[in-house]
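Novice: Can you read through this structure? Questions will come right after.
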Amino acid sequence: MMKINHPGILYIVATPIGNLKDISQRAIEVLQSVDCIAAEDTRHSGHLLQHLGLNKPLISLHEHNEEKRAGELIARLQQGESIALISDAGTPLISDPGYLLVKLVKEAGMRVVPIPGPCALIAALSVSGLPTDRFVFEGFLPSKAKVRKEQLEALRLESRTLIFYEAPHRILESLRAMEQVFGADRQMVLARELTKMFETVKSGSIHEIINEITQDENQERGEIIVLVAGAKVIFEEETGFSSLKILSTLVDTLPVKQAVELTSQITGDKKNDLYQKALQIRDQKKHGKES
Ligand code: SAM
(Lines give C-alpha, C1' and ligand atoms only; values in the text may rest on other atoms or scores of the structure.)
Protein backbone atom coordinates (compact mmCIF):
# COMPACT_ATOMS: atom_id res chain seq x y z
CA MET A 1 0.00 0.00 0.00
CA MET A 2 1.26 3.48 -0.84
CA LYS A 3 2.28 5.51 2.20
CA ILE A 4 0.43 8.85 2.39
CA ASN A 5 2.49 11.55 4.03
CA HIS A 6 0.70 14.23 5.97
CA PRO A 7 2.39 17.57 5.52
CA GLY A 8 4.65 18.54 8.38
CA ILE A 9 4.32 21.58 10.61
CA LEU A 10 6.49 24.68 10.65
CA TYR A 11 7.09 25.76 14.26
CA ILE A 12 8.16 29.34 14.98
CA VAL A 13 10.16 28.89 18.15
CA ALA A 14 11.20 31.77 20.42
CA THR A 15 14.62 31.39 22.07
CA PRO A 16 16.31 33.42 24.86
CA ILE A 17 17.43 37.04 24.37
CA GLY A 18 20.34 36.53 26.75
CA ASN A 19 19.60 34.32 29.71
CA LEU A 20 19.50 30.72 28.49
CA LYS A 21 17.15 29.75 31.33
CA ASP A 22 14.42 31.68 29.54
CA ILE A 23 13.83 28.92 27.00
CA SER A 24 10.44 27.29 27.54
CA GLN A 25 9.87 23.60 28.20
CA ARG A 26 7.69 23.45 25.12
CA ALA A 27 10.39 25.08 22.96
CA ILE A 28 12.85 22.39 24.07
CA GLU A 29 10.34 19.61 23.34
CA VAL A 30 9.60 20.98 19.87
CA LEU A 31 13.29 21.43 19.03
CA GLN A 32 13.78 17.80 20.15
CA SER A 33 10.92 16.51 18.03
CA VAL A 34 11.42 18.25 14.66
CA ASP A 35 13.35 16.78 11.73
CA CYS A 36 15.46 19.88 11.17
CA ILE A 37 15.93 23.42 12.43
CA ALA A 38 16.17 26.48 10.20
CA ALA A 39 18.34 29.13 11.84
CA GLU A 40 19.53 32.61 10.98
CA ASP A 41 23.12 31.85 11.98
CA THR A 42 23.79 28.12 12.26
CA ARG A 43 26.98 28.61 14.28
CA HIS A 44 25.27 30.80 16.84
CA SER A 45 22.27 28.46 17.12
CA GLY A 46 24.63 25.47 17.27
CA HIS A 47 25.77 26.73 20.68
CA LEU A 48 22.18 26.89 21.96
CA LEU A 49 21.44 23.36 20.73
CA GLN A 50 24.67 22.12 22.29
CA HIS A 51 23.65 23.74 25.58
CA LEU A 52 20.30 21.92 25.34
CA GLY A 53 22.03 18.63 24.48
CA LEU A 54 20.34 18.47 21.07
CA ASN A 55 21.89 17.27 17.86
CA LYS A 56 19.68 18.26 14.92
CA PRO A 57 20.44 19.16 11.31
CA LEU A 58 20.66 22.95 11.03
CA ILE A 59 19.77 24.77 7.83
CA SER A 60 20.74 28.41 7.38
CA LEU A 61 17.95 30.84 6.55
CA HIS A 62 18.85 34.51 6.38
CA GLU A 63 17.74 37.58 4.49
CA HIS A 64 19.93 36.77 1.48
CA ASN A 65 18.76 33.19 0.89
CA GLU A 66 15.26 33.18 2.36
CA GLU A 67 13.39 32.85 -0.93
CA LYS A 68 15.47 29.91 -2.16
CA ARG A 69 15.45 28.20 1.24
CA ALA A 70 11.70 28.66 1.60
CA GLY A 71 11.21 26.54 -1.54
CA GLU A 72 13.42 23.78 -0.14
CA LEU A 73 11.76 23.86 3.29
CA ILE A 74 8.27 23.77 1.76
CA ALA A 75 9.27 20.65 -0.21
CA ARG A 76 10.41 19.04 3.04
CA LEU A 77 7.19 19.96 4.82
CA GLN A 78 5.22 18.47 1.92
CA GLN A 79 7.16 15.24 2.44
CA GLY A 80 5.88 15.18 6.03
CA GLU A 81 8.95 16.56 7.79
CA SER A 82 8.44 18.99 10.65
CA ILE A 83 10.67 22.04 10.88
CA ALA A 84 11.45 24.60 13.57
CA LEU A 85 12.51 28.14 12.72
CA ILE A 86 14.66 29.94 15.28
CA SER A 87 16.62 33.19 15.13
CA ASP A 88 19.74 34.39 16.94
CA ALA A 89 17.64 35.73 19.80
CA GLY A 90 14.03 36.08 20.81
CA THR A 91 11.07 35.63 18.54
CA PRO A 92 11.78 34.90 14.87
CA LEU A 93 10.35 37.40 12.34
CA ILE A 94 10.56 40.27 14.84
CA SER A 95 13.32 42.30 13.12
CA ASP A 96 14.58 38.88 12.05
CA PRO A 97 14.17 36.63 8.99
CA GLY A 98 11.19 34.33 8.48
CA TYR A 99 8.35 36.51 7.16
CA LEU A 100 8.64 35.21 3.60
CA LEU A 101 8.91 31.60 4.76
CA VAL A 102 5.79 31.87 6.95
CA LYS A 103 3.86 33.60 4.15
CA LEU A 104 4.79 30.97 1.57
CA VAL A 105 4.15 28.01 3.90
CA LYS A 106 0.70 29.36 4.69
CA GLU A 107 0.00 30.00 1.01
CA ALA A 108 0.97 26.38 0.35
CA GLY A 109 -1.80 25.41 2.78
CA MET A 110 0.38 24.07 5.59
CA ARG A 111 0.29 24.75 9.31
CA VAL A 112 2.49 27.27 11.06
CA VAL A 113 2.50 26.93 14.86
CA PRO A 114 3.91 29.52 17.29
CA ILE A 115 5.98 28.45 20.28
CA PRO A 116 5.97 31.80 22.12
CA GLY A 117 8.67 33.03 24.44
CA PRO A 118 11.16 35.87 24.86
CA CYS A 119 10.89 39.00 22.73
CA ALA A 120 13.13 41.96 23.54
CA LEU A 121 10.56 44.67 22.78
CA ILE A 122 7.91 43.13 25.01
CA ALA A 123 10.40 42.55 27.83
CA ALA A 124 11.51 46.20 27.60
CA LEU A 125 7.97 47.57 27.42
CA SER A 126 6.91 45.53 30.44
CA VAL A 127 9.50 47.24 32.68
CA SER A 128 9.53 50.67 31.03
CA GLY A 129 6.89 52.35 33.17
CA LEU A 130 5.51 53.90 29.95
CA PRO A 131 1.91 53.26 28.86
CA THR A 132 1.58 49.68 27.61
CA ASP A 133 -2.03 49.68 26.44
CA ARG A 134 -1.15 50.98 22.97
CA PHE A 135 2.31 50.99 21.47
CA VAL A 136 4.09 51.16 18.11
CA PHE A 137 7.08 49.00 17.27
CA GLU A 138 9.29 50.71 14.69
CA GLY A 139 12.11 48.14 14.49
CA PHE A 140 15.48 49.64 13.52
CA LEU A 141 15.56 53.24 12.29
CA PRO A 142 17.22 53.80 8.89
CA SER A 143 20.97 54.45 9.15
CA LYS A 144 20.96 57.42 6.74
CA ALA A 145 20.46 60.64 8.72
CA LYS A 146 18.01 62.24 6.28
CA VAL A 147 15.70 59.22 5.99
CA ARG A 148 15.88 58.64 9.74
CA LYS A 149 14.83 62.23 10.42
CA GLU A 150 11.91 61.92 7.98
CA GLN A 151 10.76 58.74 9.71
CA LEU A 152 10.97 60.40 13.12
CA GLU A 153 9.10 63.48 11.82
CA ALA A 154 6.26 61.20 10.76
CA LEU A 155 6.08 59.93 14.36
CA ARG A 156 6.22 63.34 16.07
CA LEU A 157 2.53 63.49 16.92
CA GLU A 158 2.13 59.73 17.50
CA SER A 159 0.39 59.36 20.86
CA ARG A 160 1.23 55.69 21.45
CA THR A 161 4.43 54.56 23.18
CA LEU A 162 7.18 54.24 20.55
CA ILE A 163 9.63 51.33 20.57
CA PHE A 164 12.85 51.17 18.54
CA TYR A 165 15.65 48.63 18.30
CA GLU A 166 19.05 50.28 17.96
CA ALA A 167 22.63 49.24 17.33
CA PRO A 168 25.10 50.44 20.00
CA HIS A 169 27.31 52.37 17.56
CA ARG A 170 24.31 54.42 16.40
CA ILE A 171 22.55 55.03 19.72
CA LEU A 172 23.83 58.56 20.33
CA GLU A 173 23.20 59.64 16.76
CA SER A 174 19.63 58.34 16.95
CA LEU A 175 18.91 59.89 20.34
CA ARG A 176 20.19 63.25 19.12
CA ALA A 177 17.89 63.01 16.11
CA MET A 178 15.01 62.14 18.48
CA GLU A 179 15.89 65.12 20.68
CA GLN A 180 15.64 67.41 17.64
CA VAL A 181 12.34 65.98 16.46
CA PHE A 182 10.51 65.03 19.69
CA GLY A 183 12.05 67.74 21.89
CA ALA A 184 14.61 67.46 24.70
CA ASP A 185 11.98 67.00 27.42
CA ARG A 186 10.10 64.04 25.95
CA GLN A 187 10.29 61.11 28.40
CA MET A 188 12.07 57.97 27.28
CA VAL A 189 13.52 54.69 28.52
CA LEU A 190 16.78 53.05 27.50
CA ALA A 191 16.68 49.28 28.07
CA ARG A 192 20.04 47.56 27.69
CA GLU A 193 21.30 43.99 27.88
CA LEU A 194 17.98 42.64 29.18
CA THR A 195 18.22 39.31 31.04
CA LYS A 196 22.04 39.55 30.95
CA MET A 197 24.67 40.42 33.53
CA PHE A 198 24.77 44.16 32.76
CA GLU A 199 21.03 44.67 32.39
CA THR A 200 20.08 48.34 32.85
CA VAL A 201 16.81 50.18 32.40
CA LYS A 202 17.15 53.97 32.57
CA SER A 203 14.27 56.45 32.49
CA GLY A 204 14.43 60.20 31.94
CA SER A 205 14.01 62.91 29.35
CA ILE A 206 15.76 62.40 26.02
CA HIS A 207 18.21 65.12 27.04
CA GLU A 208 18.99 63.44 30.40
CA ILE A 209 19.55 60.05 28.79
CA ILE A 210 21.90 61.56 26.19
CA ASN A 211 23.87 63.16 29.04
CA GLU A 212 24.07 59.85 30.92
CA ILE A 213 25.35 58.07 27.84
CA THR A 214 27.97 60.70 27.08
CA GLN A 215 29.21 60.51 30.68
CA ASP A 216 29.32 56.70 30.84
CA GLU A 217 30.26 55.06 27.57
CA ASN A 218 29.26 51.63 28.93
CA GLN A 219 25.72 52.79 28.24
CA GLU A 220 26.60 52.75 24.55
CA ARG A 221 27.46 49.05 24.64
CA GLY A 222 25.49 45.88 24.16
CA GLU A 223 21.97 45.36 22.90
CA ILE A 224 19.69 48.33 23.23
CA ILE A 225 16.02 49.20 23.00
CA VAL A 226 14.75 52.76 23.00
CA LEU A 227 11.23 53.51 24.20
CA VAL A 228 9.76 56.98 23.84
CA ALA A 229 6.61 58.30 25.49
CA GLY A 230 3.76 59.11 23.13
CA ALA A 231 3.02 62.70 22.12
CA LYS A 232 -0.04 63.46 24.22
CA VAL A 233 0.67 67.02 25.26
CA ILE A 234 2.39 67.88 22.01
CA PHE A 235 -0.90 67.66 20.10
CA GLU A 236 -2.42 70.66 21.85
CA GLU A 237 0.85 72.56 21.94
CA GLU A 238 1.60 72.06 18.28
CA THR A 239 -1.81 72.49 16.78
CA GLY A 240 -3.41 74.94 19.17
CA PHE A 241 -6.54 72.75 19.20
CA SER A 242 -7.66 71.19 22.44
CA SER A 243 -9.33 67.80 22.29
CA LEU A 244 -12.25 69.24 24.30
CA LYS A 245 -12.83 71.90 21.68
CA ILE A 246 -12.81 69.32 18.88
CA LEU A 247 -15.10 67.01 20.83
CA SER A 248 -17.45 69.82 21.72
CA THR A 249 -17.71 70.90 18.05
CA LEU A 250 -18.32 67.39 16.80
CA VAL A 251 -20.90 66.57 19.49
CA ASP A 252 -23.06 69.41 18.12
CA THR A 253 -23.55 67.66 14.81
CA LEU A 254 -22.72 63.99 15.26
CA PRO A 255 -23.89 61.11 17.49
CA VAL A 256 -21.71 60.85 20.63
CA LYS A 257 -20.09 57.59 19.54
CA GLN A 258 -18.98 59.01 16.19
CA ALA A 259 -17.79 62.28 17.76
CA VAL A 260 -15.69 60.29 20.22
CA GLU A 261 -14.32 58.03 17.48
CA LEU A 262 -13.23 60.97 15.34
CA THR A 263 -11.77 62.98 18.24
CA SER A 264 -9.77 59.94 19.32
CA GLN A 265 -8.44 59.48 15.78
CA ILE A 266 -7.42 63.14 15.57
CA THR A 267 -5.91 63.61 19.04
CA GLY A 268 -4.91 60.10 20.05
CA ASP A 269 -6.83 60.47 23.33
CA LYS A 270 -8.46 57.37 24.82
CA LYS A 271 -12.02 56.71 23.69
CA ASN A 272 -13.23 55.84 27.20
CA ASP A 273 -12.08 59.20 28.59
CA LEU A 274 -13.51 61.09 25.63
CA TYR A 275 -16.83 59.26 25.94
CA GLN A 276 -17.33 60.45 29.53
CA LYS A 277 -16.41 64.01 28.51
CA ALA A 278 -18.73 63.87 25.49
CA LEU A 279 -21.69 62.89 27.68
CA GLN A 280 -20.93 65.77 30.07
CA ILE A 281 -20.61 68.26 27.19
CA ARG A 282 -23.86 67.05 25.62
CA ASP A 283 -25.71 67.32 28.97
CA GLN A 284 -24.30 70.77 29.66
CA LYS A 285 -25.36 71.96 26.20
CA LYS A 286 -28.85 70.45 26.67
CA HIS A 287 -29.31 72.11 30.06
CA GLY A 288 -27.94 75.39 28.67
CA LYS A 289 -30.67 75.36 25.99
CA GLU A 290 -33.43 74.42 28.48
CA SER A 291 -32.65 77.17 30.98
N1 SAM B 1 13.93 38.74 17.35
C2 SAM B 1 14.46 39.50 18.44
C3 SAM B 1 13.33 39.75 19.46
O4 SAM B 1 12.44 38.94 19.57
O5 SAM B 1 13.38 40.74 20.18
C6 SAM B 1 15.10 40.78 17.98
C7 SAM B 1 16.19 40.61 16.98
S8 SAM B 1 16.91 42.10 16.43
C9 SAM B 1 17.92 41.54 15.12
C10 SAM B 1 18.11 42.43 17.65
C11 SAM B 1 17.79 43.70 18.42
O12 SAM B 1 16.87 43.39 19.47
C13 SAM B 1 19.00 44.29 19.15
O14 SAM B 1 19.73 45.16 18.30
C15 SAM B 1 18.36 45.03 20.28
O16 SAM B 1 17.83 46.27 19.85
C17 SAM B 1 17.19 44.10 20.63
N18 SAM B 1 17.59 43.12 21.66
C19 SAM B 1 17.77 41.80 21.50
N20 SAM B 1 18.14 41.24 22.67
C21 SAM B 1 18.18 42.23 23.58
C22 SAM B 1 18.51 42.30 24.97
N23 SAM B 1 18.86 41.22 25.65
N24 SAM B 1 18.45 43.50 25.58
C25 SAM B 1 18.11 44.61 24.90
N26 SAM B 1 17.81 44.61 23.60
C27 SAM B 1 17.84 43.44 22.95
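Novice: How much area per residue is accessible in segment 83-159 when the probe is 1.4 Å and only protein heavy atoms are counted (Å²)?
Specialist: 50 Å²
Novice: Using only the Cα atoms, what convex hull volume per residue in Å³ does the chain have?
Specialist: In the chain, the Cα convex hull volume per residue is 185 Å³.
Novice: On to the next question. Karplus couplings for segment 206-213 from phi (6.51 cos²θ - 1.76 cosθ + 1.60, θ = phi - 60°), rounded to Hz, Gly and Pro as x?
Specialist: 4, 4, 4, 5, 4, 4, 4, 5
Novice: To continue, here is another question. How far is it, in nm, from the label point at residue 270 to the one at residue 136 when both lie 7 Å from their Cα along the line to the Cβ?
Specialist: Taking the two extended label points, one gets 2.0 nm.
Novice: Now, a different point. Carbon and sulfur atoms: what percent of the 1.4 Å accessible area of the chain do they account for?
Specialist: 51 percent
Novice: Sticking with this structure for a sec: Before anything else, pin down the relative contact order of the chain: Cα pairs under 8 Å, at least 6 apart, normalised by residue count, whole percent.
Specialist: 16 percent
Novice: Among residues other than residue 66 whose Cβ falls under 12 Å from its Cβ, what is the net charge (Lys/Arg +1, Asp/Glu -1)?
Specialist: Once all neighbours under 12 Å are counted, the net charge is -2.
Novice: Oh, and also: Average the reciprocal distances over every distinct pair of alpha-carbons in segment 121-228, invert the result, and give the Kirkwood radius in Å.
Specialist: Kirkwood radius, segment 121-228: 13.7 Å.
Novice: Starting from the eigenvalues of the Cα gyration tensor, five times each then square-rooted, give me the equivalent ellipsoid semi-axes of segment 10-118, largest first, whole Å.
Specialist: The answer is 21, 14, 13 Å, longest axis first.
Novice: Could you give me D for segment 171-236, from Stokes-Einstein at 4 °C and 1.567 mPa s, where the hydrodynamic radius is the Kirkwood radius over C-alpha pairs? Units µm² s⁻¹, please.
Specialist: Estimated via Stokes-Einstein, D reaches 106 µm²/s.
Novice: Continuing with this model, one more query. Could you let me know the centre-to-centre spacing of segment 247-291 and segment 41-100, using Cα atoms, in angstrom?
Specialist: 52 Å
Novice: Less than 13 Å Cβ to Cβ from residue 213, Lys/Arg counted +1 and Asp/Glu -1: what total charge do the surrounding residues give?
Specialist: Neighbour charge sum, excluding residue 213 itself: -3.
Novice: Using the Cβ atoms and a cut-off under 15 Å, what net charge is assigned to the surroundings of residue 100, where Lys and Arg are +1 and Asp and Glu are -1?
Specialist: -3
Novice: If packing is taken as the average count of other Cβ atoms within 10 Å, what order do 197-204, 87-94, 15-22 fall into, highest mean first?
Specialist: 87-94, 15-22, 197-204
Novice: Could you name the lysines in cross-link range of residue 285, using Cα to Cα under 17 Å and dropping any fewer than eight places away on the same chain?
Specialist: Result set, ordered by chain and number: 245, 257, 277.
The values are calculated or read from the model by the stated rules, or taken from the named source; none is laboratory data. Bear in mind that the values here come from a model prediction, so they are computed numbers and not experimental data. Note that we place each Cβ from the backbone using ideal geometry, even for glycine, and neighbour counts take in every protein chain shown. Side chains included, ligands, DNA and RNA excluded: accessible areas come from the protein's heavy atoms. Shrake-Rupley method; radii C 1.70, N 1.55, O 1.52, S 1.80 Å.
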